[in-house]
Amino acid sequence: MQGEIVATKVVPHLTRAEREARGKAARAEVPRSSHAAFEPAAGRPDPVELLEEQAESRVPELVPIRYGRMLVSPFAFYRGGALIMASDLAAAPRSGLTVQLCGDAHLSNFGAFGSPERRLVFDINDFDETLPGPWEWDVKRLVASFAVAGRENGLSEADRRTVVLAAVRAYREAMRTFASMRNLAVWYAYMDIDAAIAEFGSQAGAKQVKRASAAAAKARTRDSMQAFSKLTRIVDGEPRIVGDPPLIVPLRDLADDALRENLSQEMREILRSYRSTLQNDRRQLLEQFRYVDAARKVVGVGSVGTRAWIVLMMGVDGGDPLFLQAKEAQPSVLSWFLGKSRYANEGERVVRGQRLMQAASDIFLGWHRAVRTLDGVERDFYIRQLRDWKASADVQTMAPRGLAIYARLCGWTLARAHARSGDRVAIGAYLGAGDVFDRALAEFAERYADQNEQDYRLLRQAVDDGRLQAVAA
């Protein structure tokens, strides 16, 4: 309405000295050494019950696959246990400094992908749980993942400590560096894979450099064209997604003829609605592709059971495919303890958080609310390319030296992501130049790895007792 006055939030602009004082004052309230502590809280929820609560909103026939994947190892359990750890962190010390959290910043949720400028970059790549919250939660989730993975790799306690210290030190030093930088310089910072290989190659050794270079080259082949060759076949002159139940189930196999047509129409409506969340230039690019087929796909470990679709679209001809992934966005596990998201649409929550934390995001990243699904429930989705030069590190084959270098990459990347949204000056001042916080988190990581192993055994027992069903897939 013309003449309408829109209220806007007043943004405080503290001086650097005031921000540093804020961080140092937080030390007095919450000493850095206090972060070493971890003891299960009195009345700690049964971790298996937490998993069962999550399962209530998921596709019932897929839930046993989730449990099966979590039972592969304590590290696989850790990957799927973001809610369990969030419950534990809710009782942990907090400095009072807030950032946009990844919410599930374990080491396997970092990786390589292609930027819009066609650089291969290293960044966080999973934001299903993103929400504003205490910066320490992401750091603790990260370092504990290295302790758990280190045990799985057979590393000694001394080697695990070295790896964890590398991650925390990289985070601390990067945050202090970002604290000294101009705002725009922080915003433009990113990690180029080729530059990282060149920088750390001499430390990693020739064998690791060769593996990393080969992985980078392979990543550049992982795109819609590659997915098209692997996931489709020609039927009556049109490409169709090939089924691999229960992991990939084409839409045509999920329902009878009448419902199948409704679902196909709904998929087209999703694509039309989702376009409005893209930038204008990217929306026009998407409009050059036509919808061809879709399938339900099981993805990840912790996400198994949520609804995820892969969508095949075609451009100018049969050699111009585009694969999108539409993934259900449920409320963040952090919202159980930090309050609801400011966004009514959980897909928008994921996308806004991802754009804020990543140095560069998928050009087709957007969101949608589906008003008709197979069970008649409104569900939120976020959408992105299925593959766009994506690659992840094979941490199970890493020797201690290689894992320590990878830990440094993750620590730097997490600090850069937090520096974009939080008070990097205050956090840097809180962390300080010494290693007090580093040593505290090294102790925390081992203690939490112990707890993770106990929780893993509880899930194993629940399956052995018949309380839960697990399927290997």
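Worth pointing out:
- Of all residues in region 355-381, those satisfying the criterion of being open to solvent by 40 Å² or more (accessible area, probe 1.4 Å), part of a loop (DSSP other than H, G, I, E, B) and not aliphatic (A, V, I, L, M) are ARG372, ASP375, GLY376, GLU378.
- Filter result for GLY428 (out of contact with any Gly (no Cβ under 8 Å at 6 or more places or on another chain) and open to solvent by less than 10 Å² (accessible area, probe 1.4 Å)): no
- Residue in region 337-346 that is buried (at least 22 other Cβ atoms within 10 Å of the Cβ), modelled with pLDDT of 95 or more and among the small types (Gly, Ala, Ser) present: no
- Pairing residues of region 382-407 that are within 16 Å of SER115 (Cα to Cα) and open to solvent by 20 Å² or more (accessible area, probe 1.4 Å) with residues that are at pLDDT below 85 and in a helix (DSSP H, G or I), at Cβ distances under 8 Å and at least 6 apart in sequence or on separate chains, gives TRP389/ALA219; LYS390/ALA219; ALA391/ALA215; ALA391/ALA216; ALA391/LYS218; ALA391/ALA219.
- Among the residues making up region 403-428, those that are under 17 Å from VAL186 (Cα atoms), more than 18 Å from the chain's Cα centre (by Cα) and in a helix (DSSP H, G or I) are ARG424, VAL425, ALA426, ILE427, GLY428.
- Any hit, region 84-96, residues being open to solvent by 10 Å² or more (accessible area, probe 1.4 Å), within 17 Å of GLN396 (Cα to Cα), in contact (Cβ under 8 Å) with a residue 60 or more places away in the chain and polar (S, T, N, Q): no
- The single residue among ARG420, ARG416 that is open to solvent by 10 Å² or more (accessible area, probe 1.4 Å) and modelled with pLDDT of 95 or more turns out to be ARG420.
- Looking across region 306-318, the residues that are over 17 Å from ARG283 (Cα atoms) and free of Cβ contacts under 8 Å to residues at least 40 places away in the same chain come down to ALA308, ASP317.
- Only one of PRO321, PRO239, PRO250 that is out of contact with any Phe, Trp or Tyr (no Cβ under 9 Å at 6 or more places or on another chain) and not acidic (Asp, Glu): PRO250
- When region 40-58 is limited to residues that are free of Cβ contacts under 8 Å to residues at least 60 places away in the same chain and among the charged types (D, E, K, R), the one that is nearest to VAL377 (Cα to Cα) turns out to be GLU56.
- Here LYS207 passes the criteria (1) assigned to a helix (DSSP H, G or I); (2) in contact with a strand residue (DSSP E or B) (Cβ under 6 Å, 6 or more places away or on another chain); (3) basic (Lys, Arg) except the one numbered (2).
- Subset of region 391-413 (residues that are in contact with an Asp or Glu (Cβ under 8 Å, 6 or more places away or on another chain) and modelled with pLDDT under 85): GLN396
- Residue within region 177-199 that is touching a strand residue (DSSP E or B) at 6+ places or on another chain (Cβ under 9 Å) and in a loop (DSSP other than H, G, I, E, B) present: yes
- Listed by position, the strands (runs of 3 or more DSSP E) inside region 228-320 whose residues that are crowded, with 16+ Cβ neighbours inside 10 Å and hydrophobic (A, V, I, L, M, F, W, C) number at least 2 are 248-250, 290-297, 308-314.
- Flag if GLY103 is within 29 Å of the chain's Cα centre (by Cα), part of a loop (DSSP other than H, G, I, E, B) and crowded, with 19+ Cβ neighbours inside 10 Å: yes
- Residue match in region 179-191 (condition: surrounded by 14 or more Cβ atoms within 10 Å (Cβ to Cβ) and more than 24 Å from the chain's Cα centre (by Cα)): yes
- Residue in region 359-369 that is of a type in the set (Phe, Trp, Tyr) and in contact with a Phe, Trp or Tyr (Cβ under 6 Å, 6 or more places away or on another chain) present: yes
The values are calculated or read from the model by the stated rules, or taken from the named source; none is laboratory data. Because the structure is a prediction, the values reported are computed rather than measured. Every residue, glycine among them, receives a Cβ derived from its backbone with ideal geometry; neighbour counts consider all protein chains shown. Each accessible area value is taken on the protein alone, full model and side chains, heavy atoms only, with ligands, DNA and RNA left out. Shrake-Rupley method; radii C 1.70, N 1.55, O 1.52, S 1.80 Å.
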